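What follows is one structure encoded as structure tokens, with my remarks underneath.
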Amino acid sequence: MPEDKIIVEGGRRLAGRIPVSGSKNAVLPIISAALLSSGQCRIIDVPDLADVGVMHQVLEGLGAKLSRQGKLLDVDASSLSSCEASDEMVRKMRASFLVMGPLLARMGQARVSLPGGCAIGTRPVELHIKGFEAMGASIRNEHGYVLAETSGLKGARIYLDFPSVGATENLMMAATLAKGSTVLENAAEEPEIVDLANFINGMGGRIRGAGTKIIKIDGVAELSGCEHQVIPDRIEAGSFLVAAAMTGGELTVDNVIPDHLKPVIAKLEEVGCPIDEEENSLHIRANGRLQAVDIKTLPYPGFPTDMQAQFMTLMTRARGASVITETVFENRFMHAEELRRMGADIRLNGRSAVVEGPSNLQGAAVKASDLRAGMALIIAALAAEGVSEIGNVNMIDRGYENLVEKLKRAGADIRR
Ligand code: EPZ
């Protein structure tokens with residue numbers, strides 16, 4: 001079957017309203033955390049994404065019962081029959097590694113394929129492993145699998161060398177059923193961590209301090225079920241705001257928590273696009289004139305690395321030179337090569353990229369190297385002259401629900 005492509009005819013301003021779906025990076029750890037519960041969990045506002053489908057399969061492979069009705073996902077993990085996440089699943093989505101913590105806590109053992117690297121970096125998991133060992137698990141590598149076992153996790157004080165989102169999530173889940181208290185220091189502070197903690201506390205967990213650098217978890221013996229609404233996807237929302245700025249449009253993005261987008265809002269206003277905050281919407285007005293600004297990606301509450309590719313694209317249309325520094329991942333500039341094919345003036349120098357603008361982008365055939373680069377190329381195509389073809393669309397389906405329909409409804413000339 002010929003691989004899907006997205007075709008965009010550039011030059012249309014975005015206008016109107018776009019609804020934002022539930023957060024991919026909140027719902028993936030939350031579905032995994034449902035493994036901790038001996039009851040039934042109902043997760044609300046689950047986006048229809050390929051990655052969610054993979055996590056669904058991983059949990060079914062472990063013996064959990066899942067049923068999906070539209071945006072609702074019911075998970076019953078009361079009786080698990082396996083503690084292995086296969087190589088095939090982890091290769092499809094490295095976030096499958098997030099089942100390690102719950103399996104260790106619930107079953108006392110886990111066999112999860114070691115996640116490989118991906119386009120944006122080697123993505124090691126040694127911080128996860130160190131934390132599990134601190135809680136009393138013994139870990140070894142065998143045939144590419146991480147084998148972990150414990151006679152019962154014990155609370156520990158764990159310092160994370162880097163505020164890793166995944167390590168914070170995995171260790172927070174493991175500590176929930178450990179004996180005694182755990183303190184995570186230098187923890188990640190992303191909103192998705194807070195949402196996960198709220199979900200676990202809804203099941204009877206005892207987590208305090210999520211969203212700060214110090215998270216305290218008092219272990220409990222068992223968790224009940226719960227019902228939880230997933231927070232909106234701040235990166236999807238930010239991507240649409242950048243698309244509006246790129247096309248000189250005027251757009252309202254609905255189902256947003258403005259507080260989660262502070263660095264993105266601040267930068268877009270610095271570029272020259274005023275943004276009005278309403279209760280749970282953001283309204284952006286772009287008049288086509290864009291001022292080059294510098295950005296440096298940092299762990300939350302800094303500028304999000306998942307918005308770097310989209311912002312680099314915007315800077316190709318801005319007046320002046322913009323220096324973009326990526327401090328979180330070691331190889332997250334692949335979109336620069338593709339943007340150059342469209343006429344952008346970008347020079348790479350290690351962790352920094354210098355973008356000179358404004359360039360008049362030309363439509364071209366380009367390929368998405370990762371999920372956010374794919375969105376960046378669509379944003380470029382919306383403002384390019386002529387027709388663009390974006391390949392590797394399966395990458396984009398991993399993290400953007402109904403993207404073509406949402407952009408079409410806002411005036412874009414886009415089709416699959
Ligand atoms: C999460 O990945 C997100 N994925 C990523 O979103 C996001 O870019 C990233 O956090 C940073 O915000 C999900 O939530 C499913 P990290 P994660 O552990 O947990 C290094 C997207 O597009 N590191 O905070 O893997 C690592 O190599 C995706 O939606 C170690 O060195 O991110 C990276 O350089 C892309 N050792 C940095 O930390 C470890 O043990 C950040 O990784 C763990 C991480």
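The values are calculated or read from the model by the stated rules, or taken from the named source; none is laboratory data. Since the structure is predicted, the reported quantities are computational estimates derived from the model, not experimental observations. In this analysis, Cβ positions are derived from the backbone assuming ideal geometry, glycine residues included, and neighbour counts consider all displayed protein chains. With ligands, DNA and RNA removed, areas are computed over all heavy atoms of the protein, side chains included. Shrake-Rupley method; radii C 1.70, N 1.55, O 1.52, S 1.80 Å.
Just a few scattered comments:
- So Ala33, is it touching a helix residue (DSSP H, G or I) at 6+ places or on another chain (Cβ under 6 Å), within 16 Å of the ligand (Cβ to nearest atom) and not hydroxyl-bearing (Ser, Thr, Tyr): yes
- Among the residues making up region 399-416, a single one is under 16 Å from the mean Cα position of the chain (by Cα) and either assigned to a helix (DSSP H, G or I) or more than 21 Å from Asp254 (Cα to Cα) (or both): Leu403.
- The one condition from (1) modelled with pLDDT under 95; (2) touching a helix residue (DSSP H, G or I) at 6+ places or on another chain (Cβ under 8 Å); (3) within 16 Å of the ligand (Cβ to nearest atom) that Ser86 does not meet is (3).
- Filtered residue count, region 189-214, keeping only those that are touching a helix residue (DSSP H, G or I) at 6+ places or on another chain (Cβ under 6 Å) and among the β-branched types (Val, Ile, Thr): 3
- Test: residue in region 61-82 that is within 16 Å of the ligand (Cβ to nearest atom) and surrounded by 15 or more Cβ atoms within 10 Å (Cβ to Cβ): no
- Selection within region 199-220 - more than 16 Å from the ligand (Cβ to nearest atom), of a type outside the set (Val, Ile, Thr) and surrounded by fewer than 24 Cβ atoms within 10 Å (Cβ to Cβ): Asn201, Gly202, Met203, Gly204, Arg206, Arg208, Gly209, Lys216, Asp218, Gly219
- Number of residues in region 128-170 that are within 12 Å of the ligand (Cβ to nearest atom) and of a type in the set (Ser, Thr, Tyr) equals 2.
- Being open to solvent by 50 Å² or more (accessible area, probe 1.4 Å) and modelled with pLDDT under 95 is a condition met by at least one residue of region 289-303.
- Residue in region 256-266 that is within 21 Å of Leu28 (Cα to Cα), crowded, with 23+ Cβ neighbours inside 10 Å and either among the aliphatic types (A, V, I, L, M) or free of Cβ contacts under 8 Å to residues at least 60 places away in the same chain (or both) present: yes
- Listed by first and then second residue, the pairs with beta-carbon distance under 6 Å, at least 6 apart or on different chains, first residue in region 355-376 and over 21 Å from Asp397 (Cβ atoms), second hydroxyl-bearing (Ser, Thr, Tyr), are Val355/Thr316; Val355/Ser322; Gly357/Thr316; Ser359/Thr316; Gly363/Ser388; Ala364/Ser388.
- Residue list for region 128-147, filter: over 25 Å from the mean Cα position of the chain (by Cα) and not in a loop (DSSP other than H, G, I, E, B): Glu133, Ala134, Ser138, Ile139, Arg140, Asn141, Glu142, Leu147
Table: residues versus (1) in contact (Cβ under 8 Å) with a residue 24 or more places away in the chain; (2) open to solvent by less than 10 Å² (accessible area, probe 1.4 Å); (3) hydroxyl-bearing (Ser, Thr, Tyr); (4) at negative phi.
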site: Phe97; (1), (2), (3), (4): yes, yes, no, yes
site: Glu142; (1), (2), (3), (4): no, no, no, yes
site: Leu147; (1), (2), (3), (4): yes, no, no, yes
site: Gly155; (1), (2), (3), (4): yes, no, no, yes
site: Val165; (1), (2), (3), (4): yes, no, no, yes
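- Region 171-198, residues that are within 10 Å of the ligand (Cβ to nearest atom) and either part of a loop (DSSP other than H, G, I, E, B) or without any contact (Cβ under 8 Å) to a residue 12 or more places away in the chain (or both): Ala188, Glu190
- The sole residue among Asp74, Asp87 that is of a type in the set (D, E, K, R) and closer than 19 Å to Cys226 by Cα is Asp74.
- Qualifying positions in region 221-232 - surrounded by 17 or more Cβ atoms within 10 Å (Cβ to Cβ) and either more than 16 Å from the ligand (Cβ to nearest atom) or part of a strand (DSSP E or B) (or both): Leu223, Gly225, Cys226, His228, Pro232
- Selection within region 167-189 - open to solvent by 20 Å² or more (accessible area, probe 1.4 Å) and closer than 23 Å to Gln229 by Cβ: Glu189
- So Arg68, is it over 26 Å from Val220 (Cβ atoms) and either touching a Gly at 6+ places or on another chain (Cβ under 8 Å) or touching a residue at least 60 places away in the same chain (Cβ under 8 Å) (or both): no
- Enumeration of residues in region 107-127 that are within 15 Å of the ligand (Cβ to nearest atom), out of contact with any Phe, Trp or Tyr (no Cβ under 7 Å at 6 or more places or on another chain) and outside any strand (DSSP E or B): Gly116, Gly117, Ala119, Thr122, Arg123, Pro124, Glu126
- Unique match (being away from the ligand (no atom under 16 Å from the Cβ), surrounded by fewer than 24 Cβ atoms within 10 Å (Cβ to Cβ) and under 26 Å from Val393 (Cα atoms)) among Arg13, Arg91, Arg42: Arg13
- When restricted to residues that are within 22 Å of Ala384 (Cβ to Cβ) and free of Cβ contacts under 8 Å to residues at least 24 places away in the same chain, region 267-293 contains 1.
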